[in-house]
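Asker: Sharing a structure with you now.
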Amino acid sequence: MDICYEPLNTFRDLFQSLNLEFTKKIENEIISMTSNQNNTDTEKKHDFNRNSKGIPDIWKKKLSENEKIIIKEKTEELSKEYFDNKTWD
């Protein structure tokens, strides 16, 4: 989830770990593409400009309560290692 909540720092760390130059142009592009001025969701398949902080919760708006319960039950053994109960609300 770090990439959604902290895209700039996450990409900066990724570039550093790969010994790639993290230029001002790249920084500005990441800021532009992940800005909270962008929509969180879109119908366009190749629209990569998103409000990145809203992405982790998109699924909650698209699924019914019953679908969420089914997914939680089917994945609970693994998901409990990564997510708390608030994640499902």
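The values are calculated or read from the model by the stated rules, or taken from the named source; none is laboratory data. All figures in this text were calculated on a predicted structure; none of them were measured in a lab. Positions of Cβ are generated from backbone atoms using ideal geometry, with glycine treated the same way; all protein chains shown enter the neighbour counts.
Asker: Could you grab me the full set of residues in the range 38-63 that are in contact (Cβ under 8 Å) with a residue 40 or more places away in the chain and either among the hydrophobic types (A, V, I, L, M, F, W, C) or surrounded by fewer than 12 Cβ atoms within 10 Å (Cβ to Cβ) (or both)?
Answerer: ILE55
Asker: Being modelled with pLDDT of 90 or more and within 15 Å of the chain's Cα centre (by Cα) is the requirement here; does ILE58 meet it? Break it down into steps so the answer makes sense when it comes.
Answerer: Details: modelled with pLDDT of 90 or more: no; within 15 Å of the chain's Cα centre (by Cα): yes.
Taking the combined requirement at face value, the residue does not satisfy it.
Asker: Any residue at all in the range 70-88 that's surrounded by 14 or more Cβ atoms within 10 Å (Cβ to Cβ), of a type in the set (Ser, Thr, Tyr) and either modelled with pLDDT of 90 or more or part of a loop (DSSP other than H, G, I, E, B) (or both)?
Answerer: No, the range 70-88 contains no residue that is surrounded by 14 or more Cβ atoms within 10 Å (Cβ to Cβ), of a type in the set (Ser, Thr, Tyr) and either modelled with pLDDT of 90 or more or part of a loop (DSSP other than H, G, I, E, B) (or both).
Asker: Restricting the first residue to the range 18-37 and requiring it to be within 18 Å of ASN49 (Cα to Cα), which pairs with a second residue that is assigned to a helix (DSSP H, G or I) and among the aromatic types (Phe, Trp, Tyr) meet a Cβ separation below 7 Å and a spacing of at least six or different chains?
Answerer: Listed by first residue and then by second, the contacts come to ILE30/PHE11.
Asker: If I ask for residues that are touching a Phe, Trp or Tyr at 6+ places or on another chain (Cβ under 9 Å) and of a type outside the set (Val, Ile, Thr), which ones from the range 15-51 would you list?
Answerer: Within the range 15-51, PHE15, GLN16, GLU21, PHE22, GLU27, MET33 qualify.
Asker: Taking the criterion of being modelled with pLDDT under 85, in a loop (DSSP other than H, G, I, E, B), exposed (fewer than 11 other Cβ atoms within 10 Å of the Cβ) and not hydrophobic (A, V, I, L, M, F, W, C), would at least one residue in the range 5-25 satisfy it?
Answerer: The initial filter retains those residues of the range 5-25 that are modelled with pLDDT under 85, namely none.
Taking every residue of the range 5-25 in turn, none turns out to be modelled with pLDDT under 85, in a loop (DSSP other than H, G, I, E, B), exposed (fewer than 11 other Cβ atoms within 10 Å of the Cβ) and not hydrophobic (A, V, I, L, M, F, W, C).
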